[in-house]
Amino acid sequence: MPYEPPEDFLNAVRELSGRVPTPFYAYDLRRIEDRVAEYARAFRGGRVFYALKANPRLRLLERLHAAGLGAETVSLGEVLRAYTAGFMPAEVVWNGPVKPPAALEEAGRSGVPTLVADSEADLERIARHLPGAAVLLRLNPDLPVDTHPHLATGRGDSQFGVLPSDWPGVFARGRELGLAMRGLHVHLGSNLNNPADFAARLAVLERLRERAGPLGVLDLGGGFGLELDPRDLAPAMFALARAYGAELWVEPGRALVAEAGVLVARVWAEKRTQRRYLLLDAGMTTFPRPLLYGARHPVRALYDAEERGVFDLAGPACESGDVLARAVELPVPCAGDAVAFLQAGAYGGAMAMNYLDHPRPGEYAWDGVRWEVWRRPEALPRLWDDEPDRPEPL
Ligand code: LLP
């Protein structure tokens, strides 16, 4: 059964929508705590690194750090954000296909995290700029995972990792370069709901084991879809890590925070073309997931009405792709009524952008009693702050 936000949270959200500008993101901290506890329990004995790209708000990171999680990052900005939230370098993993020299040097000045090398060139750059760093080497398992093509990073034709045939040689090269080669990293992709993908990865790693030899760390990345129970997956992952003599690491993002969050938007008009639309003050710039991945997020009305209808929910952009949901049955709203998009706590506020001079929305968290600001709504003049208002020679 998909998770339904509790009535008291939706009531608090409804009340908040009368006090802060829409659109905004709202999070139920209790759901985050429950999910973190579930993952911590399932992976007890290993280490859980929260993929902060899913929702990088500092107040959230502080809580997850206090709960004992590490941080998975993918840019200099994310590394420094994790440090700002209180994570120590030994609690941070830095992933990604490109880590430019200047970024490696700047991160190094604040402390060297564990690096996930994505290629031989990446290994060489790490060795040059952060000599002796602790490194995992990312494997591309060459598997046709079952998710949106933009989210399938473990396919052989993706740009990520080193193919199984090349992996042992590149790993040995890392040792020659004087790096502390600690283990292996595999991230299959995101929003994986088919347990067969996890099983197929274990089979690839089982085959590689003889050539790879014993390792200190086996990092199996994130990707846990909302329909999966970590208790079903963890035992086989631990068994494989044991076979490698390694500690098991995982990097969930979405699974910890998606269900806790809603995006709240107001309906400003009903309109008929060949379809029946509700026009909202949030769209693709506030919540890009429907446009980018064809994501379908359930919608709840935060108002009542007797009459019901079936609507497409469109945003304020001048693009026909700016539709957040299609064919949704809802009570017929009045102008100013609010709706909530569910499962918006991951890759929602994190991906909001300023295209069309839309300020990024406010983000607020509810602990069951009171609201806390996680991000203030962006003020409009800030959007053109960095643009010279007179000629600026270079
Ligand atoms: N580890 C690595 C190396 C990753 O690349 C990712 C996600 C994760 C962990 C966390 O994956 P999760 O557990 O959240 O699935 N913007 C997209 C999702 C992109 C995920 C990219 N990498 C979306 O809105 O669905």
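Throughout, read-outs are computed from the coordinates displayed, never taken from laboratory work. Small disclaimer: the values here were computed from a predicted structure and weren't measured. Note that each Cβ is placed from the backbone with ideal geometry, even for glycine, and that neighbours are counted across all protein chains shown.
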Compare the Cα positions of VAL112, THR73, SER165 along the charge dipole of segment 56-252 (+1 at Cβ of Lys, Arg; -1 at Cβ of Asp, Glu; about the Cα centre) and return the one farthest towards the positive end. VAL112
Quick one: if you stick a label point 7 Å off each Cα along the C-beta vector at VAL369 and ASN193, how many nm between them? 3.7
Taking the convex hull of the Cα atoms, report for segment 71-121 its projected area averaged over all directions, in nm². 3.0
Whole-Hz ³J(HN,Hα) for each residue in segment 93-109, computed from phi via Karplus 6.51 cos²θ - 1.76 cosθ + 1.60 with θ = phi - 60°, x for glycine and proline: what do you get? 10, 10, 9, x, x, 10, 10, x, x, 5, 5, 4, 5, 5, 4, x, 5
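Taking each pair of distinct Cα atoms in segment 105-210 once, what is the resulting Kirkwood hydrodynamic radius in Å? It would help to have the intermediate numbers written out before the result.
Working: mean 1/r = 0.0690 Å⁻¹.
Across segment 105-210, the inverse of the average 1/r is 14.5 Å.
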Summing -39500 (n - 2.57) over the DSSP H runs of n ≥ 4 in the chain and dividing by its residue number, what mean residue ellipticity at 222 nm do you reach, to the nearest 500 deg cm²/dmol? -8500 deg cm²/dmol
In nm, spacing of pseudo-spin labels at ARG19 and ASP386 (7 Å Cα→C-beta vector): 3.3
Please compute the modelled spin-label separation between ARG242 and ALA335, points set 7 Å along Cα→Cβ, answer in nm with one decimal. 6.6
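Roughly how many debye, to the nearest 20, is the charge dipole of the chain about its Cα centre, given +1 on each Lys and Arg Cβ, -1 on each Asp and Glu Cβ, and no other charges? Each step should come with its number before you reach the end.
On the way: 45 positive and 53 negative charges, 113 e Å.
I would put it at about 540 debye.
Starting from the Kirkwood radius over alpha-carbon pairs of segment 56-252, derive D by Stokes-Einstein at 10 °C in a medium of 1.306 mPa s and give it in µm² s⁻¹. Can you show the working numbers first?
Details: Rh = 17.0 Å.
D = 93 µm²/s.
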With N denoting the number of residues in the chain, provide Rg(C-alpha) divided by 2.2 N^0.38 Å, to two decimal places. 1.05
Cα centroids of segment 52-76 and segment 215-272: how far apart, whole angstrom? 14
Compute the distance from the alpha-carbon center of segment 122-136 to that of segment 1-32, in whole Å. 44
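So what's segment 167-229 giving for Cα Rg divided by 2.2 N^0.38 Å, two decimals? Working shown, then result.
Values: Rg = 13.9 Å, N = 63, 2.2 N^0.38 = 10.6 Å.
Compactness ratio reported: 1.30.
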Select from PRO316, LEU61, TRP268 the residue farthest towards the positive end of the dipole of the chain; place +1 on Cβ of Lys and Arg, -1 on Cβ of Asp and Glu, and compute about the Cα centre. LEU61
Under the Karplus relation 6.51 cos²θ - 1.76 cosθ + 1.60, θ = phi - 60°, what is the ordered set of whole-Hz ³J(HN,Hα) values for segment 188-195, x standing for Gly and Pro? 7, x, 10, 6, 8, 10, 9, x
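Multiplying the sequence separation of ARG175 and ALA66 by 0.36 nm and subtracting their Cα-Cα distance, what value in nm do you get? Before the final figure, lay out the partial values.
On the way: separation 109, 0.36 × 109 = 39.24 nm, distance 3.42 nm.
Additional length available on full extension: 35.8 nm.
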Apply the Karplus curve 6.51 cos²θ - 1.76 cosθ + 1.60, θ = phi - 60°, to the phi angles in segment 278-291 and return the couplings in whole Hz, x for Gly and Pro. 10, 9, 10, 8, 10, x, 4, 7, 7, 8, x, 4, x, 5
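I'm checking a number: the convex hull volume of the Cα atoms of segment 1-65, normalised per residue, in Å³. What is it?
Details: hull volume 7.7 nm³, N = 65.
Dividing the Cα hull volume of segment 1-65 by its residue count gives 119 Å³.
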Give, rounded to the nearest 20 debye, the magnitude of the charge dipole that segment 56-252 has about its Cα centre when Lys and Arg contribute +1 at Cβ and Asp and Glu contribute -1 at Cβ. 380
Any idea what log10 I(q)/I(0) is at q = 0.26 Å⁻¹ for segment 230-285, Debye with uniform C-alpha scatterers and no solvent? -1.06
Give me the log10 of I(q) over I(0) for segment 55-147 at q = 0.19, 0.20, 0.24, 0.26 Å⁻¹, as the Debye formula computes it from C-alpha points; what are the numbers? -0.86, -0.92, -1.15, -1.27
